[in-house]
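The values are calculated or read from the model by the stated rules, or taken from the named source; none is laboratory data. Computed from a predicted model, the values in this text were never measured in an experiment. Here the Cβ positions follow ideal geometry from the backbone for every residue, glycine too, while neighbour counts run over all protein chains shown. All accessible areas refer to the heavy atoms of the entire protein, side chains included, with ligands and DNA or RNA removed. Shrake-Rupley method; radii C 1.70, N 1.55, O 1.52, S 1.80 Å.
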Amino acid sequence: MIVGAGPQLGFAIGAKFAEKGGFNVALVARSEAQLAAVVDRFRRAGMSAAAFPVDVTDRPSLGKALAAAEEHFGSIDVLEYSPAPTLPDLADRPLVSAVDLTVEAVVPELETYFFGAIAAVRQVLPGMIERGAGTIIGTSGAGSGPMVVPQVANANVANAAMRNWLLALNQSVAGRGVHVAHVALGARIGSGRPNSEPDVIADLYWKAHVERDAPEIFHYDLPEADEFQLADKFRTG
């Protein structure tokens with residue numbers, strides 16, 4: 001299941017798991033039209049996929065959508081959570097710098113990135129623990145921890161909360177057959193840079209699912225002109 005499924009990375013992750021592991025793909029996002037188009041791409045490629053439209057900030061409806069996907073496919077064995085803002089979203093709730101951060105600017109981001117993640121995981125985790133197998137992966141921009149990006153404080157605060165929880169959750173359930181990981185992306189997906197192409201990044205998710213040895217994956221592929229600062233603990237040399 002991909003929550004926040006889009007035509008680039010969402011499709012690439014689903015295709016990777018379908019091709020390499022024979023997975024069915026459940027897609028969750030707000031736009032019914034976008035989901036229908038992505039499902040059609042999967043089906044034309046001979047892959048099994050189904051759409052479950054819902055807004056992740058509507059937590060009761062999110063739980064129902066995931067339950068419907070579980071009923072449709074039998075179980076959710078892998079959950080990937082990566083909602084992303086659209087241009088209208090950014091117009092309604094613009095990015096806020098660290099010095100300008102307010103409670104009001106953070107709350108909508110918490111609803112999307114953190115509270116939605118909790119609701120999604122709570123729906124599928126009991127079944128994974130009962131079966132003794134499962135993978136949960138949460139995705140955020142690298143400003144959630146590996147990088148310091150003060151221009152995007154409201155989103156990064158919420159993503160940092162998700163990151164912290166996923167790392168703690170991994171330690172809590174590792175002995176019960178469930179692997180939890182956080183993927184921090186410092187990349188402009190689909191920008192033309194080879195290591196920022198969706199299919200290349202999707203390999204990281206398959207590796208996380210198969211190897212199950214890293215609670216966090218940091219993928220950095222930004223142009224040198226981008227003035228971002230790495231957090232001290234991630235510096236080398």
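I'd like the full set of residues that are in contact with a helix residue (DSSP H, G or I) (Cβ under 7 Å, 6 or more places away or on another chain) and either open to solvent by 60 Å² or more (accessible area, probe 1.4 Å) or part of a helix (DSSP H, G or I) (or both), limited to the range 145-161. Passing the criteria: Pro150, Val152, Ala153, Asn154, Ala155, Asn156, Val157, Ala158, Asn159, Ala160, Ala161.
For the range 162-197, the tally of residues that are in a helix (DSSP H, G or I), modelled with pLDDT under 95 and under 16 Å from Thr139 (Cα atoms) stands at 1. Within the range 185-199, the set of residues being touching a helix residue (DSSP H, G or I) at 6+ places or on another chain (Cβ under 8 Å) and open to solvent by less than 30 Å² (accessible area, probe 1.4 Å) comprises Leu185, Gly186, Ala187, Pro198.
Just one of (1) open to solvent by 50 Å² or more (accessible area, probe 1.4 Å); (2) under 28 Å from His179 (Cβ atoms); (3) touching a residue at least 12 places away in the same chain (Cβ under 8 Å) fails for Ala98. It is (2).
On inspection, Ala26 does not qualify as crowded, with 19+ Cβ neighbours inside 10 Å, in a helix (DSSP H, G or I) and within 20 Å of the chain's Cα centre (by Cα). Here the condition is being among the hydrophobic types (A, V, I, L, M, F, W, C) and under 23 Å from Pro198 (Cα atoms); of Ala91, Ala65, Ala84, it holds for Ala84 alone.
If you check Ile76, Ile129, Ile118 for being over 25 Å from His219 (Cβ atoms) and of a type in the set (A, V, I, L, M), only one passes: Ile129. Here are some residues: Glu32, Glu19, Glu80, Glu104. Which one is within 24 Å of Met128 (Cα to Cα) and surrounded by fewer than 22 Cβ atoms within 10 Å (Cβ to Cβ)? Of Glu32, Glu19, Glu80, Glu104, the one residue that is within 24 Å of Met128 (Cα to Cα) and surrounded by fewer than 22 Cβ atoms within 10 Å (Cβ to Cβ) is Glu19. The residue that is farthest from Pro85 (Cα to Cα), counting only those in the range 4-16 that are hydrophobic (A, V, I, L, M, F, W, C) and open to solvent by less than 30 Å² (accessible area, probe 1.4 Å), is Ala15.
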